[in-house]
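Participant: The structure's right below; bear with me while I get my questions together.
The values are calculated or read from the model by the stated rules, or taken from the named source; none is laboratory data. Quantities reported herein were computed from a predicted structural model and do not represent experimental measurements. Glycine also receives a Cβ, built like all others from the backbone with ideal geometry; neighbour counts cover every protein chain displayed.
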Amino acid sequence: MSGTTRTSADLDPRRRRTLFRAWHRGIREMDLIMGRFADAEIGTLSASELDLFEALIEVPDRDLFRWLTGEAQVPGNYDTAVFRRLKAFHRHDAPIHV
């Protein structure tokens with residue numbers, strides 16, 4: 001089970017692939033963070049925003065998690081509007097599943 005709540009039937013192949021990859025990162029916590037964001041936003045991301053999101057998908061889980069939690073500084077090339085949207089999408093004062 002992937003956890004996704006969004007159908008990919010209306011998505012082009014690139015967005016379907018990106019949605020799948022967002023839900024299949026490696027560690028469950030990152031699946032939930034990236035996957036839920038993708039569920040909500042994948043249909044509205046522009047092509048350039050999709051490029052940036054795909055770049056974030058390529059970042060190792062540990063590094064991305066540290067950036068999202070503020071444990072480590074985000075490198076300038078990843079500190080994009082899409083990264084900031086991803087970070088803002090998840091409340092950090094409640095569990096991920098809320």
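Participant: Checking the structure you have, find out if any residue of the range 13-21 is at pLDDT below 95, among the hydrophobic types (A, V, I, L, M, F, W, C) and assigned to a loop (DSSP other than H, G, I, E, B).
Facilitator: The answer is no, given that none of the residues of the range 13-21 is at pLDDT below 95, among the hydrophobic types (A, V, I, L, M, F, W, C) and assigned to a loop (DSSP other than H, G, I, E, B).
Participant: Given the residues Glu49, Glu54, Glu58, Glu29, which is the only one that is touching a residue at least 60 places away in the same chain (Cβ under 8 Å) and surrounded by fewer than 18 Cβ atoms within 10 Å (Cβ to Cβ)?
Facilitator: From the options Glu49, Glu54, Glu58, Glu29, the qualifying one is Glu29.
Participant: Could we say that Asp51 is modelled with pLDDT of 95 or more, of a type in the set (Asp, Glu) and not in a helix (DSSP H, G or I) here?
Facilitator: Working: modelled with pLDDT of 95 or more: yes; of a type in the set (Asp, Glu): yes; not in a helix (DSSP H, G or I): no.
Taking the combined requirement at face value, the residue does not satisfy it.
Participant: Moving on. Being surrounded by fewer than 17 Cβ atoms within 10 Å (Cβ to Cβ) and under 13 Å from the mean Cα position of the chain (by Cα) is the filter; apply it to the range 66-89 and report the residue that is farthest from Ala40 (Cα to Cα).
Facilitator: Within the range 66-89, the match that is farthest from Ala40 (Cα to Cα) is Tyr78.
Participant: Please verify whether the range 32-45 includes one or more residues that are exposed (fewer than 15 other Cβ atoms within 10 Å of the Cβ), modelled with pLDDT under 95, touching a Phe, Trp or Tyr at 6+ places or on another chain (Cβ under 8 Å) and among the hydrophobic types (A, V, I, L, M, F, W, C).
Facilitator: Yes, the range 32-45 contains a residue that is exposed (fewer than 15 other Cβ atoms within 10 Å of the Cβ), modelled with pLDDT under 95, touching a Phe, Trp or Tyr at 6+ places or on another chain (Cβ under 8 Å) and among the hydrophobic types (A, V, I, L, M, F, W, C).
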